[in-house]
Amino acid sequence: MKVILQREVDKLGVPGDVVSVADGYARNYLIPKRMAMPVTKGAVKNADRLRRAHDQRTQKQRLDAEGVAAKMTEAPITITAHAGEEGRLFGSVTAAEIAKELESRVGAPVDRRTIHLPEPIRSVGTHEVTVRLHPEVEPTITVEVVAQ
């Protein structure tokens, strides 16, 4: 069955896309939850409008994310932690701590789940961390860990 998506559906498409799905999936899940509607002549015109609105919204979100990324990458973030003599930390620096520092710098909330740590930070020094703000915007941030 062909349907027009009203909302973004993972691994299927974005609003305005015309997709073919199984009849049962469309009738029992997508249409009752108002995620999609059957294809008709009038609905195709509506799909074009939905697609344009989605593209504009996505473009605005990308521009906002680029502005936030510029603020994040201005200077390195400094985090103090308890460390031993050899520079090993007692514990580790978490994504939540980095998110808290980024929030104070940017002035906007930063979700800890958007911060990608390849491995936990357990030593004093400079480390590179990526933040996924938007599918197309992933700035790399320098985190300096200093012994307390």
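FYI, it's all coordinate maths here, none of it is from the lab. Please read these numbers as outputs of a predicted model, since none were measured by experiment. Please note: Cβ atoms are built from the backbone with ideal geometry, for glycine as well, and neighbour counts cover all protein chains shown.
Mean separation of Cα pairs under 8 Å and 6+ residues apart, divided by the residue count of the stretch 73-147: what relative contact order is that in percent? The partial results should precede the final answer.
Working: 129 pairs, mean separation 29.4, N = 75.
Answer for the stretch 73-147 is 39 percent.
Please report the Cα spread of the chain along all three principal axes, rounded to whole Å, starting with the longest.
Projected onto the principal axes, the Cα atoms of the chain cover 71, 30, 18 Å.
Along the three principal axes, how long is the stretch 73-147 when you take its alpha carbons, biggest first, rounded to the nearest angstrom?
Cα extents, longest axis first: 40, 23, 18 Å.
Taking θ as phi - 60°, what are the ³J(HN,Hα) couplings along the stretch 81-94 by the Karplus curve (6.51, -1.76, 1.60), each to the nearest whole Hz, with x for Gly and Pro?
With coefficients 6.51, -1.76 and 1.60, one gets 8, 6, 9, x, 5, 8, x, 7, 7, 7, x, 8, 8, 9 Hz.
Relative contact order of the stretch 2-64: what whole-number percent is it, with Cα pairs under 8 angstrom and at least 6 residues apart? Could the numbers behind the result be given before it?
Values: 78 pairs, mean separation 23.2, N = 63.
Worked out over the stretch 2-64, it gives 37 percent.
Report, in degrees rounded to the nearest 10, the 0 to 90 angle that the Cα long axis of helix 41-72 makes with the longest principal axis of the chain.
That works out to roughly 10 degrees.
Please list the non-local residues whose amide H lies under 5 Å from the amide H of Thr73, H modeled 1.01 Å from N, same-chain partners needing a gap of 5 or more.
When sequence neighbours closer than 5 places are left aside, there are no close amide H contacts.
For helix 95-106, report the angle its Cα long axis makes with the longest principal axis of the Cα atoms of the chain; keep it between 0 and 90° and round to the nearest 10°.
Once rounded, one gets 80 degrees.
For every other residue with a beta carbon closer than 11 angstrom to the beta carbon of Ala43, add +1 if it is Lys or Arg and -1 if Asp or Glu, then tell me the sum. Display every interim value, and only then the final one.
Working: positive: Lys2, Lys41, Lys45, Arg49; negative: Asp48.
Value of the local net charge: +3.
Given the C-alpha centroids of the stretch 125-148 and the stretch 60-103, what is the distance between them in whole angstrom?
6 Å
In whole percent, what relative contact order does the chain give with Cα contacts below 8 Å and a gap of six or more residues?
Numbers: 237 pairs, mean separation 30.4, N = 148.
About 21 percent, as a whole number.
Filter the cross-link list Lys2/Lys45; Lys11/Lys33; Lys2/Lys41; Lys71/Lys100; Lys2/Lys60 down to pairs whose alpha-carbon distance in this structure exceeds 22 Å. Intermediate values should be presented prior to the final figure.
Numbers: Lys2/Lys45 15 Å; Lys11/Lys33 17 Å; Lys2/Lys41 12 Å; Lys71/Lys100 15 Å; Lys2/Lys60 30 Å.
Table pairs above 22 Å Cα-Cα are Lys2/Lys60.
Give me Rg/Rg_expected for the stretch 2-64, where Rg uses Cα atoms only and Rg_expected = 2.2 N^0.38 Å with N residues. The partial results should precede the final answer.
Numbers: Rg = 12.1 Å, N = 63, 2.2 N^0.38 = 10.6 Å.
Against the empirical 2.2 N^0.38 Å value, I get 1.14 for the stretch 2-64.
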